[in-house]
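Please treat every number below as a calculation from the coordinates, not as lab data. Source: prediction; values computed, not measured. Cβ sites come from the backbone with ideal geometry, for glycine too, and all protein chains shown count toward neighbours.
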Amino acid sequence: MQAQPSVIATGDFLYFAPAGKAFTVPGAGTVSATSKPGATDTIWTTYVLGTVMKPSQDKYSGKAVTIKSPMPGTGIVVPQNIIRPSHELTMEVELNELSRLAVAGFYKAALIETGDTVYNALSRAEGIQGWLKRQRYDHDGNVIAVDDWWVDLDCTDLATQANENIINPKFVFTWLYSPLAGSAI
């Protein structure tokens, strides 16, 4: 971590490990909120999402409750404490690559595997959950942070952007609780 605040140009790359899929590193297991593949497992490159077009937007929303009490001898009620019992963390990103996960997420279809030649739009009632690995790089290509979040994946847009021939899928990842989630810097 830096000793002094400074501006850092970053780039993000995203990997995904869908719930219910098998992994082998660090040992045999199935992806879930309580079972995460190791960093070198091939599942991360099987369901890779790609390069983030511009820095990802992490957003927090929550509910604050103000605890109030009277100031002695004044009859005035003032804040004594603020408790935040409700939190929500989301990450919004626009990617440079179109992936099978983007297509499945946007069309609300089942996961589209490597050998699949068809998919059925609107065939999935639940979201796509899994482990999101975000690797953040500095301007010299050095990893400066790695986030492992258990998330709900939602692809919200497959529209073309500035260049009419390039599709830049937009995702919203909603952080879900897992005791294995965390970040390293």
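At a Cα cut-off below 18 Å, give the aspartates and glutamates reachable from Lys36, other chains included and same-chain residues fewer than 8 away excluded. Here the aspartates and glutamates satisfying the reach criterion relative to Lys36 are Asp147, Asp148, Asp152. Mean-square fluctuations from a GNM of the chain, with a 10 angstrom spring cutoff on Cα atoms, peak among Asn165, Asn120, Asn142 at Asn165. A simple count of charges around Ser32, restricted to other residues whose Cβ falls under 15 Å of its Cβ and scoring Lys, Arg +1 and Asp, Glu -1, yields -2. Calculated mean residue ellipticity at 222 nm for the chain: -1500 deg cm²/dmol, from DSSP H runs with n ≥ 4 weighted as -39500 (n - 2.57), summed, divided by the residue count and rounded to 500. A simple packing score, the average count of other Cβ atoms within 10 Å per residue, orders the peptides 84-90, 66-72, 30-36 as 30-36, 84-90, 66-72, with the highest score first. In segment 1-97, Cα pairs under 8 Å separated by at least six residues give a relative contact order of 25 percent. Taking a straight line from the alpha carbon of Lys63, not one of the lysines sits under 18 Å away once near neighbours fewer than eight places off in the same chain are left out.
For segment 76-92, the Karplus equation 6.51 cos²θ - 1.76 cosθ + 1.60, evaluated at θ = phi - 60°, returns couplings of 9, 9, 10, x, 10, 7, 10, 10, 10, x, 10, 10, 9, 10, 10, 10, 10 Hz by residue, with Gly and Pro reported as x. Contact order, relative form, for the chain: 23 percent (alpha carbon pairs under 8 Å, 6 or more residues apart, mean separation divided by residue count).
Largest GNM mean-square fluctuation among Gly50, Gly75, Gly115, using the chain with Cα springs under 10 Å: Gly75.
Sorted into 5 angstrom bins from 0, the C-alpha pair distances of segment 3-138 split as 2, 8, 13, 14, 15, 13, 10, 7, 5, 5, 4, 3, 2, 0, 0, 0 percent.
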